[in-house]
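Participant: Following this message is one structure expressed as structure tokens.
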Amino acid sequence: KAVEQLVGVGSSVPATFLTNHDLEKLVDTNDEWITTRTGIKKRHVLGKDETLGQHAALAAQRALEMAKVDPKEVDLVLMATSSADDTFGNACLVQAAIGASNAVAFDITAACSGFMVSLVTASQFIRSGTYKNILIVGGDALSRFVDWRDRGTCILFGDACGAVLMRANPDPAAPGAIIGMSMGSDGTGHKHLHCMYSGSGAKPLTEGSAPSSHASYANIYMAGQDVFKFAVRTVPTVIDSALENAGLQKESVDWLVMHQANQRILDAAAQRLGLPPERVVSNLAQYGNTSAASIPLALDEAVRNGRIQPGDKLAMAGFGAGLTWAGAIVRW
Ligand code: ACO
């Protein structure tokens, strides 16, 4: 029976960025507050006429190149996003852009947990013997939904895409294997973090009114402290449960590669695992919270710069709106 093997990673980030000093001109904030409370120094945002799909396709192509897999060999394209270029979905746009003409393509929405949820979902298609090559892209452009007047949220988010290529391998000892996983959701926590539609889109078409096209708008709402508490409580639990699923103790973990939301959340999770700071992959300073992109983006950088080495065990965890969370232990 085949198991999944991660054989390629890639990422793409827009060139345009906003520093903390740039944000000082928009809202009542300052570099010192943002740096000490979050660890973020700058965040990239889509430039004029740029699309999420363009970066998703670039990230995907880079993952395919590393994996030495032809786009035509891809059986499934999963795009984890909550901010698609097209509300009907982004995955088919990526499929067309990279020429994955034999693939099934669809989106998965689970906010900042989207990439990990997609990773676990993809593994089910491998383990059932349904597909052999799956491309998973995590990408978000939350700059589209940020209220640039809300200093509590606009300082946090950035736009990016990351991708991995998952291949079926009959050898469970092969490198890149997912050896444990865990997922969870709590819809009662939805009130703490959401991006609900509002505006004229909610109006019914009443008798006598002329049919017209109308736009809906959504803005991110976040009760920061509640989400913070949820994150520091849940991340260690999901990692513990993925470790248990892998039959491993926390002492076996070499790297923490988790959702990049706040440096203080990364530090708390690392402390709980007994990992020193140099074993925590963090790129918050450069990119901020890139939602579904943050884990594959961090993984791509750490693999390409040689920090993560073959055989290293990675504890991966995503958490976010829903509320949702998902974790996996990967032997690289
Ligand atoms: N600049 C300056 N002051 C600010 C800013 C800002 N950008 N934002 C808030 N403040 C002020 C507040 O108004 C408050 O002032 P007050 O004491 O006078 O009322 C004070 O700073 C403290 O505010 P808190 O909200 O208590 O600050 P906290 O330490 O909790 O940090 C933060 C806020 C960074 C948002 C933190 O709560 C956090 O990281 N939460 C988790 C976010 C997260 O993990 N999201 C992940 C999921 S995202 C997804 O799924 C899409």
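Since every read-out is calculated from the coordinates, none of them should be taken as a lab result. Predicted model, so just to flag it, every value in this text is computed and none were measured. Here Cβ is always computed from backbone atoms with ideal geometry, including for glycine, and neighbour counts include all displayed protein chains.
Participant: Computed FRET efficiency, Cβ-Cβ of residue 21 and residue 251, R0 41 Å: what is it to the nearest 0.05?
Facilitator: Numbers: r = 42 Å, r/R0 = 1.02.
That pair, residue 21 with residue 251, gives E of 0.45.
Participant: When the chain is fully extended, how far beyond the present Cα-Cα distance does residue 305 get from residue 198, taking 0.36 nm per residue of separation?
Facilitator: Gain in length upon complete extension: 34.2 nm.
Participant: Could you tell me the calculated FRET efficiency between residue 28 and residue 278, based on Cβ-Cβ distance and R0 = 30 angstrom, to the nearest 0.05? Let's see the in-between values first.
Facilitator: On the way: r = 35 Å, r/R0 = 1.17.
In this case the efficiency is close to 0.30.
Participant: Same structure again: To the nearest 20 debye, what charge dipole does the range 1-151 have about its Cα centre, counting +1 at the Cβ of each Lys and Arg and -1 at the Cβ of each Asp and Glu?
Facilitator: Working: 15 positive and 18 negative charges, 75 e Å.
Here the size comes out at about 360 debye.
Participant: Would you please report the Å³ per residue occupied by the convex hull of the alpha carbon atoms in the range 268-332?
Facilitator: Looking at the range 268-332, the number lands at 99 Å³ per residue.
Participant: By per-residue mean of other Cβ atoms within 10 Å, what is the highest-first order of 61-68, 109-116, 254-261? Please report the intermediate quantities before stating the final value.
Facilitator: Numbers: 61-68: 19.1, 109-116: 29.4, 254-261: 25.5.
Highest-to-lowest ranking by the protection proxy: 109-116, 254-261, 61-68.
Participant: Follow-up. Take 85, 107 and order them by how many other Cβ atoms sit within 10 Å, fewest up front.
Facilitator: On the way: 85 19, 107 22.
By the 10 Å Cβ count, ascending: 85, 107.
Participant: Using only helices, what value at 222 nm comes out for the chain when you add -39,500 (n - 2.57) per DSSP H run of length 4 or more and divide by the total residues, to the nearest 500 deg cm²/dmol? Present the calculation step by step, with values, prior to reporting the outcome.
Facilitator: Working: 9 runs with 100 residues, N = 332.
The helix-only estimate for the chain comes to -9000 deg cm²/dmol at 222 nm.
Participant: How would you classify the range 225-305 from its alpha-carbon gyration tensor, with a ≥ b ≥ c the square roots of the eigenvalues: rounded for a/c under 1.5, else prolate if a/b is greater than b/c, otherwise oblate? Write out the running numbers ahead of the final one.
Facilitator: Working: a/c = 1.69, a/b = 1.18, b/c = 1.44.
Here the range 225-305 falls in the oblate category.
Participant: A further question follows. Quick one: if the Förster radius is 56 Å, what FRET efficiency do residue 128 and residue 35 give, using the C-beta to C-beta distance and rounding to 0.05? Working shown, then result.
Facilitator: Values: r = 46 Å, r/R0 = 0.82.
Taking R0 as 56 Å, the efficiency between residue 128 and residue 35 is 0.75.
Participant: Could you estimate the translational diffusion coefficient of the range 1-148 from the Stokes-Einstein equation, with Rh from the Kirkwood formula over C-alpha pairs, at 4 °C and 1.567 mPa s, in whole µm²/s? Working shown, then result.
Facilitator: Details: Rh = 16.6 Å.
My calculation gives 78 µm²/s for D.
Participant: Can I get the semi-axes of the range 60-135's equivalent ellipsoid? Compute them from the C-alpha gyration tensor as square roots of 5 times the eigenvalues, in angstrom, largest first. Kindly include the intermediate steps, with their values, before the conclusion.
Facilitator: Details: eigenvalues 69, 50, 24 Å².
Its equivalent ellipsoid spans semi-axes of 19, 16, 11 Å.
Participant: Count of lysine pairs in the chain with Cα atoms under 23 Å apart, counting only pairs 8 or more residues apart in sequence or on different chains?
Facilitator: 13
Participant: Please provide three numbers in whole Å: the alpha-carbon extents of the chain along the principal axes, with the largest listed first.
Facilitator: 64, 46, 37
Participant: Now, a different point. With no solvent and one point per C-alpha, what does the Debye sum give as log10 I(q)/I(0) for the range 13-67 at q = 0.17, 0.19, 0.24 Å⁻¹?
Facilitator: -0.68, -0.75, -0.88
Participant: Treating only the Cα positions of the range 48-99 as identical point scatterers, give the base-10 log of I(q)/I(0) from the Debye formula at each q in 0.18, 0.20 Å⁻¹.
Facilitator: Treating every Cα as an identical point scatterer, log10 I(q)/I(0) equals -0.55, -0.67.
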